[in-house]
Amino acid sequence: MPQKVLAGRASDPQLKGDIVRVKVDQVILSRAPSRTLAEALAAGLKRAIPEVSIAYDGTAVTTRANVPTDGTLSNGLPQYGVLVARPGIGFPAPVHIERFAAPARLALTDDPRLAPVGGVGMLCLVVSPTQLGQALATGSVSLRPPRSIQIHLSGRTRPFVCARDVALELLRRGIPDVVRRIEAEHAAPVVLEFAGPTARMLSVGTRSVLCGIAPQVGAAAALFISDDKTEVFLRDQRRSKAHRALLPDPGAPCEEVLTIDLATVDPLVMDLDGRVRTARELTGQPVGQVVLGGDSGVTLRDMLAAASLLKSKRIPPRLDLLLAPPSRQVLEVLGQSGALVDLVATGARIVEPDRRLMTGELYPPTEEGLSMRCADPDPRMPGFRPYLVASAETLSYAVAHGIVGDPRAFKRPARVTVPRVLPTEDVLVVRQKNKKKGPGGSVFVPPKSAPLPSWKNPTTLELALGVPVEAVLTGSKELAVVLGELDEVRALSDAVAMGANVRALIAPYVPSQMVSTLAAEGVACFSVEPSALGAFKGQGQLALPKIGSWGEKTAATAGKNKVELRWLAIDQELAWLNDGRARVPTVK
């Protein structure tokens, strides 16, 4: 199916090249809108070309230190035909699914947490601010054609087992290892493609939860079919005209098929080390914080079920229950149904849909007792306390008893009816403005860009092991970063999109989509054998020859040690690095 989506938009419908030029239907900005706008203006932006271009302002909680000052979101983007979703509208992924996502289209974004939009049948790929700027200005972009892994779903889930448990079961089945093997064989991004009789029975909300695991396993995206369930969902959102059918062709090839019987799935929990275990294995551990909601891992049905299970109950004295409705629509439905009253009566505190809730910067996990959440975790990095990930019903058990436990201990499962009449008012979406002055009378000044040095000459970089602290990433020294785990690679890729001064990445495994994304930012990606990582320890600098000497065997020097690296860029990505013009320069 992902090949089907790209083929209808590619200059080469057969997708024979290593990199193909494709037309873009939607651009979704979330993390670095200013850098994207700078690149779009450099590419000649007059008005955004994709059919939908939108930027989500995820800073709902402001302080004196983080009040926006550059005017990009409030005034700049609407001036060029880019919609702006104001703070409070909800988290980007669930809001986009409700109001803008369309089946059988291609969307580009700078935020891996937009992966759930694949549940509506839209292929959503993470690219660099440079590529997003080109997509805004020209309507097209160059991408590596992906490979597919089909996940065949069968059977029905048992009571107290929901979408979050199925997603955790996928992680437990070793999908990350399969993705890595396919990547190594084909040097191409991998898309998870869900199929089978049960896939057609799942709601769009459940499908979206399953698609949300793609970044954790190293996949570029995840995709469901678009069928009658999708059409009904869009009709309920008053967007029936956006529907297009998307089904795989009979006999369409894929690289691997994994089969999962949902009837065998138990209530599961991802523990503090990232391992997936049954809820029974962790029974009895005290819980000090529960965050119900977030941008993924929970559906409207799950929120209503949690309210039903917790009705007439009260939270334990040492437990905090934070309620983070995924979108304004979900919040309104909870209010209209009375479920919100039940949750507040239980002791829930309603918090704003701020992106920093997902990273743990706001309401971090407590030191006393475990923290449990529904949402997919950000990359697990030093400095942030980890938390347990579980379903809304498993979280409900923790709220009711103050400890981790199996939700099947409740007397009877929650039976809820999801309303078909949903609020769809886009009151917090800013459309195009005719004037260049914002609400305060300030004139929007387009961000300026500075040139980026290329790799045409031998280069010596400061060497850092592990993801450096923010002060180092944003400093004047150019860095070569050596990483060992996929979570570290994901975290560094996010930092580069935000403007981190990184020139080279070295790791045993870098997903192909990230190689392409980082190449467009001027970052050279190299792979190295895990056994060779020790050669970088205790060394302060990395010396690389000029780009003409790079290849399958690239000789580099880490301090006094000689190391052999493998350059991962291909085709046009080589030119992006060679001339140094593909990366969005640092905005001052």
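Computed from the coordinates by the stated procedures, all read-outs in this text should not be read as laboratory data. Remember, it's a predicted structure, so these values are computed and weren't measured experimentally. FYI the Cβ positions are ideal-geometry reconstructions off the backbone, even for glycines, and counts take in every protein chain you see.
Structure notes:
- Note on region 2-264: dipole from Cβ charges, positive end direction compared against 212, 251, 262; the farthest Cα belongs to 212.
- Summarising the amide proton neighbourhood of residue 524: residues at separation of 5 or more, or on other chains, whose placed amide H is nearer than 5 Å comprise 504, 505.
- Antiparallel content of DSSP bridges confined to region 143-275, in %, to 5: 5
- Antiparallel DSSP beta bridges within the chain, as percent of all bridges there, nearest 5: 35
- Cβ-placed point charges (K, R +1; D, E -1), dipole of the chain about Cα centre in debye, nearest 20: 1260
- The dipole here belongs to region 2-264: it is taken about the Cα centre, uses +1 on the Cβ of Lys and Arg and -1 on the Cβ of Asp and Glu, and is about 520 debye.
- Distances between placed amide hydrogens fall under 5 Å for residue 139 paired with 49, all partners being 5 or more residues away or on another chain.
- Antiparallel bridges, percent of DSSP beta bridges restricted to region 1-149 (to nearest 5): 25
- Long-range amide H partners of residue 53 with built H, under 5 Å: 27, 83
- Separation of region 321-349 and region 304-319, taken as the distance between their Cα centroids, equals 12 angstrom.
- Shape category assigned to region 459-579 from the gyration tensor of Cα positions, a/c cut at 1.5: rounded
- In the chain, a dipole from Cβ-located charges (positive for Lys and Arg, negative for Asp and Glu) runs towards its positive end, and of 2, 52, 550 it is 52 whose Cα lies farthest in that direction.
- Cross-link table 456/477; 456/553; 229/313; 16/456, entries beyond 27 Å C-alpha to C-alpha: 229/313; 16/456
- Cα gyration tensor category, rounded, prolate or oblate, for region 268-409 with a/c compared to 1.5: oblate
- Computed from the Cα positions only, the extents of region 2-264 along the three principal axes stand at 52, 44, 36 Å, in decreasing order.
- The calculated 222 nm mean residue ellipticity attributable to helices in the chain amounts to -7000 deg cm²/dmol, summing -39500 (n - 2.57) over DSSP H runs of n ≥ 4 and dividing by all residues.
- Cα-based shape type of region 1-75, given that a ≥ b ≥ c are square roots of the gyration tensor eigenvalues and the cut on a/c is 1.5: prolate
- Per the Cα gyration tensor, region 202-307 maps to an equivalent ellipsoid with semi-axes of 30, 21, 13 Å, ordered largest to smallest.
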